[in-house]
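Chemist: Right, I'll just put the structure down here and ask away after.
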Amino acid sequence: MTGFGRAAVDTAAGRGRLRVEIRSVNHRGLDLKVRAPQPDAFCEAEIGRAVRAAVERGSVTVHIREEAQPARAGVDEARAKQVFAALVKLSGELGIDGTPSLEAVAAFMSSTGGGGLEGEALWEALRPGIDKALAELVATRRREGAALAEDIGGRIARLGELVAQIRAAAAALPERFARRIEERLAALKGQPGFEPARVAQEAALMAERLDVSEELVRLETHLGHLSELVRAPGAVGRKLDFVVQEVGRELNTIGSKAQDAGVAALVIEGKAELERLREQAQNVE
């Protein structure tokens, strides 16, 4: 299912802001991508755990970007002194002569978006934003899920109507077949080699082949299961996929066994409706 969520969190001391956007689109499994200004293995692993706890199906992309806080009047003297001391120490360790300039200090302060956080510290700063964005994502997916459930329920009901029509049409098939056999054999009676017992046996075998009552019972059971899944809480997308596949198998069997134009037309209509249901089911978590 599709969904979207966003949030923003301030980094330590308010020196920057991290904005989080999470999007999801339809996918048969869970495909997660994390896009951030700088890779951080620890943070990406924690984001993955949080997403998997909230989403079971879909292509999910987590965007993280840094935004500088609006410039304040004055200078953060304490921060500037810390940066200057760090640069002096680094210059000594690297054997670089000279004292860091005020321009170098200012440039370093403006380039450390997100406060220079990484690893566990970055995740702790980012976690509230991830949680808030995921909650919004889940809420939007639930709204879409409610609409999908209504649409799928209508298609299941339509399939139920078609199954009832197939049952009514299939019930008359053996009798109609027997009448056709009798009409065609009437001209053969009295001919050499004609065996009434053999003809009756073949007619009985054909009537058995035309019987689709077992397939219809299984089909109605599968449709009932689909209705239960649509109303069930939690992730049901994979189960829906499986039951839809079973419904298609039963429709194919009925179409091949019935050998009747009327039943075949109903089966084709049922398969078309089932394909539309299948497309919607693939959007369900």
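Chemist: Working only within region 5-26, note down all residues that are surrounded by 15 or more Cβ atoms within 10 Å (Cβ to Cβ) and either within 30 Å of Ala149 (Cβ to Cβ) or of a type in the set (Val, Ile, Thr) (or both).
Modeler: Within region 5-26, Gly5, Arg6, Ala7, Val9, Thr11, Val20, Glu21, Ile22, Arg23, Ser24, Asn26 qualify.
Chemist: Looking at region 249-261, which of the residues that are surrounded by 15 or more Cβ atoms within 10 Å (Cβ to Cβ) and not polar (S, T, N, Q) is modelled with the lowest pLDDT?
Modeler: Ala258
Chemist: Something else about it: I'd like to check something: does region 45-65 contain any residue that is surrounded by 15 or more Cβ atoms within 10 Å (Cβ to Cβ), part of a strand (DSSP E or B) and on the phi > 0 side of the Ramachandran plot?
Modeler: Yes, region 45-65 has at least one match.
Chemist: Assess whether Leu219 counts as being within 28 Å of Ala146 (Cα to Cα) and not assigned by TED's automatic domain parsing to the domain that holds Asn26. Spell out how you get there, then give the answer.
Modeler: Numbers: within 28 Å of Ala146 (Cα to Cα): yes; not assigned by TED's automatic domain parsing to the domain that holds Asn26: yes.
Answer is yes for this residue.
Chemist: Every residue in region 167-176 that is over 17 Å from Gly224 (Cα atoms) and either over 39 Å from the mean Cα position of the chain (by Cα) or in contact (Cβ under 8 Å) with a residue 12 or more places away in the chain (or both), please.
Modeler: Ala169, Ala170, Ala171, Ala172, Leu173, Pro174, Glu175, Arg176
Chemist: Being farther than 17 Å from Arg167 by Cβ and of a type in the set (Gly, Ala, Ser) narrows it down to one residue among Gly224, Gly255, Gly237; which is it? Step through it out loud before you land on a result.
Modeler: Numbers: Gly224 fails: farther than 17 Å from Arg167 by Cβ; Gly255 fails: farther than 17 Å from Arg167 by Cβ.
Only one candidate qualifies: Gly237.
Chemist: Does Glu124 count as among the acidic types (Asp, Glu), within 24 Å of Leu229 (Cα to Cα), without any contact (Cβ under 8 Å) to a residue 12 or more places away in the chain and assigned to a helix (DSSP H, G or I)? Lay out the reasoning, then the answer.
Modeler: Values: among the acidic types (Asp, Glu): yes; within 24 Å of Leu229 (Cα to Cα): no; without any contact (Cβ under 8 Å) to a residue 12 or more places away in the chain: yes; assigned to a helix (DSSP H, G or I): yes.
So Glu124 does not fit the description; no.
Chemist: Taking region 216-240 as the region of interest, how many residues are among the small types (Gly, Ala, Ser) and in contact (Cβ under 8 Å) with a residue 60 or more places away in the chain? Please lay out each step first, then the result.
Modeler: Taking region 216-240 and keeping what is among the small types (Gly, Ala, Ser), we get 224, 227, 232, 234-235, 237.
Narrowing the set further to residues that are in contact (Cβ under 8 Å) with a residue 60 or more places away in the chain leaves 227, 235, 237.
Number satisfying all stated conditions: 3.
Chemist: Oh, and also: Of the conditions (1) β-branched (Val, Ile, Thr); (2) modelled with pLDDT under 80; (3) outside any loop (DSSP other than H, G, I, E, B), Ile130 fails just one. Which one is it?
Modeler: In the conditions (1) β-branched (Val, Ile, Thr); (2) modelled with pLDDT under 80; (3) outside any loop (DSSP other than H, G, I, E, B), Ile130 misses (2) alone.
Chemist: Give just the number: which of (1) surrounded by fewer than 16 Cβ atoms within 10 Å (Cβ to Cβ); (2) at pLDDT below 80; (3) not polar (S, T, N, Q) does Gly114 not satisfy?
Modeler: Just one mismatch for Gly114, condition (1).
The values are calculated or read from the model by the stated rules, or taken from the named source; none is laboratory data. On a predicted model such as this, the values are computed, not experimentally measured, just so you know. Positions of Cβ are generated from backbone atoms using ideal geometry, with glycine treated the same way; all protein chains shown enter the neighbour counts.
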